[in-house]
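*Asks:* The structure under discussion is supplied below as structure tokens; questions concerning it will follow.
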Amino acid sequence: MKQVRAKKQLGQHFLTDLGIARRIADTVDAYPEIPVLEIGPGMGVMTQYLKEKPRPFKVVEIDKESVEYLNERWPDFSAQIIGGDFLRMDLDKVFDGARFVLTGNYPYDISSQIFFKMLDNKDLIPCCTGMIQREVALRIASEPGTKAYGILSVLIQAWYDTEYLFTVDETVFNPPPKVKSAVIRMTRNGVTDLGCDETLFKRVVKTVFNQRRKMLRVSLKQIFNGTTQARPEFFTNEIMTKRPEQLTVQQFVELTNLVAEELAAVGG
């Protein structure tokens, strides 16, 4: 069969090491009983090992050339190959409303968007594994007080336990990327209710990390518009002297509740 040409605009870097491909495929075994959806299978280097697992399995691929290749390689699997854009999919329809594990060798340039969609569908996705840029993996798994700790860290760790599994060298891809990759696993924690307004929680986290070097008493002013200013005493709370990377997820929940109370008090 004719090999698929890696397309720069799709961020394609095809994994060539079969041992690593199998290791990544095996990360889905944390949830062995439920279906699996693979994003961006390319020429199926991971797919061949995922297909062996005794459970429902589908792939979604935006590249038409890759879809044609996969259909030719596995004609008996064609009904499970979805040609389309994962970011535009209605995930409730993939396995008729059933929960599933998400996995893949994710394109670097949209990995964050994939994980934001995962968060929007967290009740459907109890586990997400796969390979991404090492820098992003470190961000997701980082702890408070570290330089890597940021928006992705807080928003994902609010709902998922994160594991940095292993690093992957550039030399096992065609074409090789300019950075190292890493394999991660995110597993839903026991949280069903954050204890604050989720929409405001996201807004607070993004607002303060956009000015991560400033204390909260400075960055939080962006939450209040020009006509609705927070009262001076709001900024005297002890937490206001901290910077965002110093806060745990629980402290962000508490901060969100403080902001919600202040917005209600001043009519914001």
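*Asks:* In the set PHE173, PHE166, which member is in contact with an Asp or Glu (Cβ under 9 Å, 6 or more places away or on another chain) and among the aromatic types (Phe, Trp, Tyr)?
*Replies:* Values: PHE166 fails: in contact with an Asp or Glu (Cβ under 9 Å, 6 or more places away or on another chain).
Result: PHE173 is the single residue among PHE173, PHE166 that is in contact with an Asp or Glu (Cβ under 9 Å, 6 or more places away or on another chain) and among the aromatic types (Phe, Trp, Tyr).
*Asks:* Turning to a different aspect of this structure: Of all the residues that make up the stretch 159-210, how many are closer than 20 Å to CYS128 by Cα, of a type in the set (Val, Ile, Thr) and either open to solvent by less than 80 Å² (accessible area, probe 1.4 Å) or touching a residue at least 40 places away in the same chain (Cβ under 8 Å) (or both)?
*Replies:* 7
*Asks:* Of the numbered conditions (1) modelled with pLDDT under 95; (2) assigned to a helix (DSSP H, G or I); (3) within 26 Å of GLY145 (Cβ to Cβ), GLY190 fails exactly one; give the number of that condition.
*Replies:* (2)
*Asks:* Now, a different point. Failed condition for GLN113, given (1) touching a strand residue (DSSP E or B) at 6+ places or on another chain (Cβ under 9 Å); (2) surrounded by fewer than 21 Cβ atoms within 10 Å (Cβ to Cβ); (3) assigned to a helix (DSSP H, G or I), with all others met?
*Replies:* Only one criterion is unmet by GLN113, namely (1).
*Asks:* Within the stretch 16-56, which residues are among the aliphatic types (A, V, I, L, M), touching a Gly at 6+ places or on another chain (Cβ under 8 Å) and either at pLDDT below 95 or part of a helix (DSSP H, G or I) (or both)?
*Replies:* Correct list: ILE24 only.
*Asks:* Can you tell me how many residues within the stretch 116-131 are over 19 Å from VAL168 (Cα atoms) and either charged (D, E, K, R) or open to solvent by less than 30 Å² (accessible area, probe 1.4 Å) (or both)? Working first, answer last.
*Replies:* First, pick out the residues of the stretch 116-131 that are over 19 Å from VAL168 (Cα atoms): 116-127.
Filter again for either charged (D, E, K, R) or open to solvent by less than 30 Å² (accessible area, probe 1.4 Å) (or both), leaving 117-120, 122-127.
Number satisfying all stated conditions: 10.
*Asks:* Just give me the residues in the stretch 28-52 being surrounded by fewer than 16 Cβ atoms within 10 Å (Cβ to Cβ) and within 24 Å of VAL172 (Cβ to Cβ), in sequence order.
*Replies:* The answer is ASP29, ALA30, GLU52.
*Asks:* Here is a check on your reading of the model: is ARG217 loosely packed, with under 13 Cβ neighbours inside 10 Å and either free of Cβ contacts under 8 Å to residues at least 60 places away in the same chain or not in a loop (DSSP other than H, G, I, E, B) (or both)?
*Replies:* Values: loosely packed, with under 13 Cβ neighbours inside 10 Å: no; either free of Cβ contacts under 8 Å to residues at least 60 places away in the same chain or not in a loop (DSSP other than H, G, I, E, B) (or both): yes.
Criteria not met by ARG217.
*Asks:* Now for a separate question. Of everything in the stretch 132-158, what is open to solvent by less than 20 Å² (accessible area, probe 1.4 Å) and either in contact (Cβ under 8 Å) with a residue 24 or more places away in the chain or assigned to a helix (DSSP H, G or I) (or both)? Give them in sequence order.
*Replies:* Step one: filter the stretch 132-158 for residues open to solvent by less than 20 Å² (accessible area, probe 1.4 Å), giving 132, 136-137, 140, 142, 149-150, 152-156, 158.
ILE132, VAL136, ALA137, ILE140, TYR149, GLY150, LEU152, SER153, VAL154, LEU155, ILE156, ALA158 - these are the residues of the stretch 132-158 that are open to solvent by less than 20 Å² (accessible area, probe 1.4 Å) and either in contact (Cβ under 8 Å) with a residue 24 or more places away in the chain or assigned to a helix (DSSP H, G or I) (or both).
*Asks:* Here's a check for you: in the stretch 57-71, which residue that is within 21 Å of LEU87 (Cα to Cα) and either part of a loop (DSSP other than H, G, I, E, B) or of a type in the set (Ser, Thr, Tyr) (or both) is most open to solvent (accessible area, probe 1.4 Å)?
*Replies:* Let us first name the residues in the stretch 57-71 that are within 21 Å of LEU87 (Cα to Cα), namely 57-68, 70.
Restricting the remaining residues to those that are either part of a loop (DSSP other than H, G, I, E, B) or of a type in the set (Ser, Thr, Tyr) (or both) gives 62-63, 66.
Values: ILE62: 92, ASP63: 8, SER66: 0 Å².
In this case the residue turns out to be ILE62.
*Asks:* Kindly list, by first and then second residue, each pair from a residue in the stretch 59-85 that is over 18 Å from GLN3 (Cα atoms) and modelled with pLDDT of 95 or more to a residue that is of a type in the set (S, T, N, Q) and not in a helix (DSSP H, G or I), limited to pairs with Cβ atoms under 8 Å and residues at least 6 apart or on different chains.
*Replies:* Pairs that qualify, where the first residue is over 18 Å from GLN3 (Cα atoms) and modelled with pLDDT of 95 or more and the partner is of a type in the set (S, T, N, Q) and not in a helix (DSSP H, G or I): there are none.
*Asks:* Now a separate question. Taking the residues in the stretch 1-15 that are open to solvent by less than 70 Å² (accessible area, probe 1.4 Å) and farther than 17 Å from GLN133 by Cα as candidates, determine which candidate is modelled with the highest pLDDT.
*Replies:* Looking only at the stretch 1-15, we keep the residues that are open to solvent by less than 70 Å² (accessible area, probe 1.4 Å), and these are 4, 6-7, 10-15.
Filter once more, so that each one left must be farther than 17 Å from GLN133 by Cα: 4, 6-7.
Values: VAL4: 62, ALA6: 54, LYS7: 51.
Checking each candidate, the answer is VAL4.
*Asks:* Hey, another quick one. THR129 passes all but one of (1) over 27 Å from ARG23 (Cα atoms); (2) touching a residue at least 60 places away in the same chain (Cβ under 8 Å); which number fails?
*Replies:* The number of the failed condition is (1).
The values are calculated or read from the model by the stated rules, or taken from the named source; none is laboratory data. No experiment lies behind these values; they were computed from the predicted model shown. Note that we place each Cβ from the backbone using ideal geometry, even for glycine, and neighbour counts take in every protein chain shown. We work out accessible area using only protein heavy atoms, side chains counted, and drop any ligands, DNA or RNA first. Shrake-Rupley method; radii C 1.70, N 1.55, O 1.52, S 1.80 Å.
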